[in-house]
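The values are calculated or read from the model by the stated rules, or taken from the named source; none is laboratory data. Computed from a prediction, not measured in an experiment: that's the story for all the values here. Glycine also receives a Cβ, built like all others from the backbone with ideal geometry; neighbour counts cover every protein chain displayed.
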Amino acid sequence: MNWWENEFLWVKKNKLYLEDLQAEQLAKKYGTPLYVYSRQKVLANLRRLRQAFEPAPPGLEIRIAYAMKANSHAGLLKALLKEGVFIDAVSPAEVEKAIKAGFHEGRILFTGTSLSQEDFERVLAHPGITVNIDAFEQIESLAAARRRRRIKSPVRVSVRWNPGLGRGFSSKTVTAGERSSDGTPIKFGVEDSRVIETFKRLQTLKFLPVGLHQHLGSGWTEEDFPVAVRAVDRMIKKAKELQAAGFNLECLDFGGGFGPKYLQEERLFPLEEYAAYILGKVENSRLGIRAIIVEPGKYLVAEAGILLVRVEYLKKNYGHLFACVNAGTYNTVPRPAIYKEAYHEIVNVSQVNGSKKDRITVAGHLCETADIFGVERMMPRPQPGKILAVLMAGAYCRSMASNFNLRDIPQEILLGSV
Ligand SMILES: Cc1ncc(COP(=O)(O)O)c(C=O)c1O
């Protein structure tokens, strides 16, 4: 069995199947490039996440707020809506899309950065949303937006603080701490020394402060666990300081970041232990917290999507063998072009395994050197016209895709709906 096989992706007679359909046949029917998503796989991931938090005591609600920036396909949003999931939105357009998909305002958390008053006005068209403040400096324009909207009922707010610790699979996905691992100053969150002042200002302006939020970064593996739990400790300590200052919080939001495996050698983030740690700390804290929030993106959807591409020809250049495909990374699976650490397994769908393998670099059709889906991968050599599947394409692929080179963004299909 291949390490990446699961209820969505599996192999029979050396051919790749997506749920009960042959990948080759889907490519023939719908054309390529093509994103294929599995609702079943997303729901299986959701079940696993819920199970991890199942030991929560009565009275402590676990809110799973899907980070829809990972993938905002309407069918996936609908499936998550039915399961009672909340939404983590980062732009007014994401808020509007969540509302359109049927999410109740009270189930949407808005966390934005570098926001204008107009952004807040769009968000407050739905005044039941919880606004997660990313900067002390956002407060006045939020208040001005509330005046423009003539909202009289209290607007629920939480504060995204920067606990001084961050972790991510790439320096570009570390979202807390003073600087990322490559030295980039981190723009997110309210620094430790200003958190209480931020809550006080919100209270003075008659907002309703309900929560404290942090998000350390994206793409954690097992080695990120020690930092993740240290950040939990910091969150509890901060919530206690807030309690002493008179703020009794309803919820603590630990953000997202816990990843699935992208690589065989990678060790999975120990989600169950992390959940148990959070639950233990919250229970013992006597903070009177009523809800814990987590904001998974990748965890729910990364494994539940793939991209099918067609090999146009094989090209030899200075000893390298390239499979040249009919898609470009930036238009489909941009992660390998953006992050040097990003890895997506690539599978020859009509001959998944084989005793004879070649060293193949899978190259896209864009005018850019970084337009490579995978470098020197060992796989059975695909003939021109054959289909390759780029795995783990459910998160931050379609949502980050552009029309670079004026190439189209591929169509998406959701299995079970086609
Ligand atoms: C505030 C916030 N929450 C949640 C997430 C989701 O992260 P991930 O997809 O790694 O779970 C992100 C993504 O960076 C984020 O910025």
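Considering Y318, Y330, which residue is of a type outside the set (V, I, T) and surrounded by 15 or more Cβ atoms within 10 Å (Cβ to Cβ)?
Numbers: Y318 fails: surrounded by 15 or more Cβ atoms within 10 Å (Cβ to Cβ).
The unique qualifying residue is Y330.
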- Do we have S350 as of a type in the set (S, T, N, Q) and touching a strand residue (DSSP E or B) at 6+ places or on another chain (Cβ under 9 Å) here? yes
- Has the range 319-334 got any residue that is β-branched (V, I, T), over 18 Å from S170 (Cβ atoms), away from the ligand (no atom under 16 Å from the Cβ) and modelled with pLDDT of 95 or more? yes
- Message: Give me the residue from the range 148-197 that is over 23 Å from E223 (Cα atoms) and assigned to a helix (DSSP H, G or I) and, out of that set, farthest from the chain's Cα centre (by Cα).
- Response: R148
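Each row is one residue, and each column tells you yes or no for (1) away from the ligand (no atom under 16 Å from the Cβ); (2) in contact (Cβ under 8 Å) with a residue 40 or more places away in the chain; (3) among the polar types (S, T, N, Q); (4) at negative phi.
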{"position": "A370", "(1), (2), (3), (4)": "yes, yes, no, yes"}
{"position": "M378", "(1), (2), (3), (4)": "yes, no, no, yes"}
{"position": "P382", "(1), (2), (3), (4)": "yes, yes, no, yes"}
{"position": "G385", "(1), (2), (3), (4)": "yes, yes, no, no"}
{"position": "L388", "(1), (2), (3), (4)": "yes, yes, no, yes"}
{"position": "C397", "(1), (2), (3), (4)": "no, yes, no, yes"}
{"position": "M400", "(1), (2), (3), (4)": "no, yes, no, yes"}
{"position": "E412", "(1), (2), (3), (4)": "yes, yes, no, yes"}
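For every residue, the table says whether it meets (1) more than 24 Å from the chain's Cα centre (by Cα); (2) in a helix (DSSP H, G or I).
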position	(1), (2)
F199	yes, yes
L202	yes, yes
P209	yes, no
D224	no, yes
V229	no, yes
K237	yes, yes
L242	yes, yes
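When residues of the range 32-47 are filtered for being away from the ligand (no atom under 14 Å from the Cβ) and in contact (Cβ under 8 Å) with a residue 60 or more places away in the chain, how many remain? It would help to see each step written out before you state the result.
Filtering the range 32-47 for residues away from the ligand (no atom under 14 Å from the Cβ) gives 32-41, 43-44, 47.
Among the residues that remain, those that are also in contact (Cβ under 8 Å) with a residue 60 or more places away in the chain are: 32-41.
Residues flagged as away from the ligand (no atom under 14 Å from the Cβ) and in contact (Cβ under 8 Å) with a residue 60 or more places away in the chain within the range 32-47 amount to 10.
Condition check: in contact with a Phe, Trp or Tyr (Cβ under 8 Å, 6 or more places away or on another chain) and not in a loop (DSSP other than H, G, I, E, B). Does E376 satisfy that?
On the way: in contact with a Phe, Trp or Tyr (Cβ under 8 Å, 6 or more places away or on another chain): no; not in a loop (DSSP other than H, G, I, E, B): yes.
No.
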- Quick one: which of E266, E303 is charged (D, E, K, R), within 16 Å of the ligand (Cβ to nearest atom) and in a loop (DSSP other than H, G, I, E, B)? E266
- Taking the range 379-418, which residues are in a loop (DSSP other than H, G, I, E, B), closer than 19 Å to Q40 by Cβ and touching an Asp or Glu at 6+ places or on another chain (Cβ under 8 Å)? L391, M392, G394, G416
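To keep it simple, each residue is scored yes or no on (1) in contact (Cβ under 8 Å) with a residue 12 or more places away in the chain; (2) within 16 Å of the ligand (Cβ to nearest atom); (3) assigned by TED's automatic domain parsing to the domain that holds G385; (4) within 27 Å of I387 (Cα to Cα).
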| position | (1), (2), (3), (4) |
| --- | --- |
| Q25 | no, no, yes, yes |
| R50 | yes, yes, no, no |
| E61 | yes, no, no, no |
| M68 | yes, yes, no, no |
| N71 | yes, yes, no, yes |
| A79 | yes, no, no, no |
| A89 | yes, yes, no, no |
| P92 | yes, yes, no, no |
| R107 | yes, yes, no, no |
- Task: Go through the range 262-279 and count every residue that is free of Cβ contacts under 8 Å to residues at least 24 places away in the same chain and surrounded by 15 or more Cβ atoms within 10 Å (Cβ to Cβ).
- Result: 0
- Task: Kindly provide the set of residues from the range 109-125 that are over 15 Å from F136 (Cα atoms), in contact with a helix residue (DSSP H, G or I) (Cβ under 7 Å, 6 or more places away or on another chain) and within 16 Å of the ligand (Cβ to nearest atom), ordered by number.
- Result: F110, D119, V123
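To keep it simple, each residue is scored yes or no on (1) closer than 30 Å to Q264 by Cα; (2) more than 13 Å from the ligand (Cβ to nearest atom); (3) surrounded by fewer than 17 Cβ atoms within 10 Å (Cβ to Cβ).
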position: R148; (1), (2), (3): no, yes, yes
position: S153; (1), (2), (3): no, yes, yes
position: W161; (1), (2), (3): no, no, no
position: G168; (1), (2), (3): yes, no, no
position: V195; (1), (2), (3): no, yes, no
position: R201; (1), (2), (3): no, yes, no
position: L205; (1), (2), (3): no, yes, yes
position: E222; (1), (2), (3): yes, yes, yes
- Task: Check E19 against each of (1) on the phi > 0 side of the Ramachandran plot; (2) over 26 Å from the mean Cα position of the chain (by Cα); (3) surrounded by 15 or more Cβ atoms within 10 Å (Cβ to Cβ); (4) not basic (K, R) and name the one condition it does not meet.
- Result: (2)
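Would it be correct to say that G59 is small (G, A, S) and in a helix (DSSP H, G or I)? Working first, answer last.
Details: small (G, A, S): yes; in a helix (DSSP H, G or I): no.
Considered against the rule, which asks whether it is small (G, A, S) and in a helix (DSSP H, G or I), G59 comes out as no.
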